[in-house]
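The next block holds one structure in the form of structure tokens; read it before the comments.
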Amino acid sequence: MPQVYHTRARDCHRNVTAQKPLPLCHTPTRPQNFTFQNPRLHWARGWDILISVKLTARQIERLVKQGEVVHTECKDASGGLPDSLWESYSSFANTDGGVILLGVKEVDRKFSIVGVPKASTLIKRFWDGVNNREKVSVNILFDRHVYSVKCRGRDVVVIEIPRADRRERPVYVGRDVFN
């Protein structure tokens, strides 16, 4: 069975140098000088199908220290999934993608890792919500996009949201796009 990739067609179905169409199962190679210095932005480079880079505890600590920026959103999920999670999911999917960290709390504009009580239960509830058409219009994630990382002895749930394909946009919250 051929492997199907979830990415923009212009990134993997065409050889840019030769301008010839390639088979669907073609996997382009990275340029030799290509390195992931900022793993949060690898979606913008179009290589999300090639590398399954999971954030390490050290990288999460760096993101927490940096705080919320354009491609990062931190949420305290000690009481379960926050309601604002779905708006963040929608906005990242409709733009360039991003990372949502569950288990990170903001106090006086500084972020700290508080962890989540049961990461596996929270991940299951997230999958139930993202596959529910009452919550969001479309699920653009794979299993590799949602995982937990042990950071400072606490579990942090990482949700990596890629940019939605143009045929799947707009990604919206609720039943109606005009809500």
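For (1) in a loop (DSSP other than H, G, I, E, B); (2) at pLDDT 95 or above; (3) closer than 13 Å to ALA77 by Cα; (4) out of contact with any strand residue (DSSP E or B) (no Cβ under 9 Å at 6 or more places or on another chain), each residue gets a yes or a no:
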{"site": "VAL116", "(1), (2), (3), (4)": "yes, yes, yes, no"}
{"site": "THR121", "(1), (2), (3), (4)": "no, yes, yes, yes"}
{"site": "ARG125", "(1), (2), (3), (4)": "no, yes, yes, yes"}
{"site": "ASP155", "(1), (2), (3), (4)": "no, yes, yes, no"}
{"site": "ASP165", "(1), (2), (3), (4)": "yes, no, no, yes"}
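For residues that are out of contact with any helix residue (DSSP H, G or I) (no Cβ under 9 Å at 6 or more places or on another chain) and within 20 Å of ILE123 (Cα to Cα), scanning just region 149-179, find the one that is surrounded by the most Cβ atoms within 10 Å (Cβ to Cβ).
Here the answer is ARG154.
Would you point out the residue of region 117-153, among those that are within 14 Å of the chain's Cα centre (by Cα) and among the charged types (D, E, K, R), that is farthest from ARG175 (Cα to Cα)?
Result: ARG144.
Per-residue answers, yes or no, for (1) in a loop (DSSP other than H, G, I, E, B); (2) on the phi < 0 side of the Ramachandran plot; (3) free of Cβ contacts under 8 Å to residues at least 60 places away in the same chain:
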site	(1), (2), (3)
VAL69	yes, yes, yes
LEU81	yes, yes, yes
ALA93	no, yes, no
PHE111	no, yes, yes
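Give me the residue from region 95-109 that is in a loop (DSSP other than H, G, I, E, B) and small (Gly, Ala, Ser) and, out of that set, farthest from ARG58 (Cα to Cα).
So the residue we want is GLY97.
The values are calculated or read from the model by the stated rules, or taken from the named source; none is laboratory data. Keep in mind the model is a prediction, meaning the values are calculated, not measured. For neighbour counting, all protein chains shown are included, and Cβ atoms are generated from backbone atoms with ideal geometry for every residue, glycine included.
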